[in-house]
Amino acid sequence: MTLATATKRSARGAQRSGRPDHGAWFLVLPALIPILVLSVGPLLYGIALAFTDSQSGRTEPTQWIGALNFRDLLHDTLFWDSFRIGLLWAFGVTVPQFLLALGLALLLNQPLRMRWLARALAIIPWAMPEVVVGIMWRLVYHPDAGVLNETLSGLGLGDGEDWLTGTATALLAVIVVGIWAGMPQTTVALLAGLQNTPRELHEAAAMDGAGAWRRFRTVTWPAIRPIALAITALNFIWNFNSFALVYVLTQGGPGGRTRLPMLFAYEEAFRYGQFGYAAAMGCVMVAVISVILACYLAGRLKGGDEA
């Protein structure tokens, strides 16, 4: 008797007896407790804090003020500017990141010499902490001794640019770093999907006279589409919630040109002590992410129904 048959019989027995399978809960608890304590608990506390006037250094007890923080947030132009910058950052990183990762995954899926070494080198940025990545790229962008300016000067393309403090270049500079840092995990996910695509389908399409682009459009893309949609949605959420990388690079400057929503909320909470107001900002960001997830899940369910 196979394991699947035994499992089905056990499930039928549990249904007939009408008794819940308590053993399954004991298996889930080790993973469920950390999620409740470290994720759900702080989330609920943050939502509750958004409806209070909690501040640092107050001697009076915290008061419940209802939706006053959210009403003030609607008229806070600085927050909505940071929100716009956050969307520009998220789209500016996620889209090129996916396109470049797709090209790299297609390349690494080819029977190249030393392919194992190329794959290992491709994931190096993924293994580096964001703080280390930020410090390294600050050295690359250094206006006087940075590798980028030295290279451009050697090619006669300029005398040096202050990339991270220039109002016109700061956001573009951090977007480039975000693409470089996040591309490996997208590449690995897409490469896994490519390797699971049956080679026989490509061979059959080639025998029918299909070119490279047509084989990609009719064979490769349908096979990796679910993975591509999933990793793109996750990347957008991760990029929109970015903090450490941009904080190390620019701390939100110059003049707020790279101040992402998470950075703005951090400043309100830990620089100015407005915990309730910062929590309201966090609630808005959670709502935006929830909408993105809902759209993604709706698309996945619709795609599953059509399939």
Out of residues 5 or more away from Thr52 or on other chains, whose amide H comes under 5 Å of its own, with H placed 1.01 Å from N in the peptide plane? Ile65
Can you give me the relative contact order of region 79-175 as a percent, contacts being Cα pairs under 8 Å and 6 or more apart? 18 percent
Take the Cα atoms of region 89-150, find their three principal axes, and give me the spread along each one in whole Å, biggest first. 42, 29, 23
State the percentage of accessible surface on region 157-280 attributable to carbon and sulfur atoms; use a 1.4 Å probe and exclude ligands, DNA and RNA. 58 percent
Defining a contact as two alpha carbons under 8 Å apart and six or more residues distant in sequence, what relative contact order in percent does region 126-201 show? 25 percent
For the peptides 278-284, 147-153, 135-141, what is the packing order when you average, over each peptide's residues, the other Cβ atoms within 10 Å and list the highest mean first? 278-284, 135-141, 147-153
Could you sort the peptides 210-222, 34-46 by per-residue average Cβ neighbour count (10 Å cutoff), highest mean leading? 210-222, 34-46
Taking θ as phi - 60°, what are the ³J(HN,Hα) couplings along region 266-280 by the Karplus curve (6.51, -1.76, 1.60), each to the nearest whole Hz, with x for Gly and Pro? 4, 5, 4, 7, 9, 9, 9, x, 8, 5, x, 5, 5, 5, 5
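Using only alpha carbon pairs under 8 Å that are at least six residues apart, calculate the relative contact order of the chain and give it in whole percent. Let's see the in-between values first.
On the way: 295 pairs, mean separation 83.8, N = 307.
Result for the chain is 27 percent.
Quantify, in whole percent, the carbon and sulfur part of the accessible surface of region 50-116 (1.4 Å probe; protein heavy atoms only). Can you show the working numbers first?
On the way: 2750 of 4200 Å².
The C+S portion of the solvent-accessible surface of region 50-116 is 66 percent.
Pick out, in residue order, every one of the chymotrypsin sites (Phe, Trp or Tyr not before Pro) in region 232-299 that is DSSP loop and has at most 14 other C-beta atoms within 10 Å; say none if there are none. Let's see the in-between values first.
On the way: sites: Phe236, Trp238, Phe240, Phe243, Tyr247, Phe264, Tyr266, Phe270, Tyr272, Phe275, Tyr277, Tyr296; in loops: Phe243, Tyr272.
Answer in residue order: Phe243, Tyr272.
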Which label marks the calculated value of volume of the Cα convex hull per residue in Å³, given the options [x] 125; [y] 243; [z] 172? [y]
Quick one: dipole size for the chain, taken about the Cα centre, charges +1 on Lys/Arg Cβ and -1 on Asp/Glu Cβ, in debye to the nearest 20. 1540 debye
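Where only protein heavy atoms count, and the probe is 1.4 Å, what is the accessible area per residue for the chain in Å²? Don't jump to the answer; show the numbers that get you there.
Values: 18800 Å² over 307 residues.
That works out to 61 Å² for each residue.
Which value at 222 nm does the chain reach when only helices count, each DSSP H run of 4 or more adding -39,500 (n - 2.57), with the total divided by all residues and rounded to the nearest 500 deg cm²/dmol? Please report the intermediate quantities before stating the final value.
Working: 16 runs with 211 residues, N = 307.
Rounded to the nearest 500, it is -22000 deg cm²/dmol.
Using packing as a proxy for protection, rank 62-75, 157-170 so that the peptide with the highest average count of other Cβ atoms within 10 Å comes first. Don't skip to the answer; put the middle values down first.
Working: 62-75: 12.9, 157-170: 15.5.
So the peptides 62-75, 157-170, ranked by packing, come out 157-170, 62-75.
The values are calculated or read from the model by the stated rules, or taken from the named source; none is laboratory data. This structure is a prediction, so every number in the text was calculated from the model and none was measured. Cβ sites come from the backbone with ideal geometry, for glycine too, and all protein chains shown count toward neighbours. What goes into the accessible areas is simple: the full protein's heavy atoms, side chains included, and nothing from ligands, DNA or RNA. Shrake-Rupley method; radii C 1.70, N 1.55, O 1.52, S 1.80 Å.
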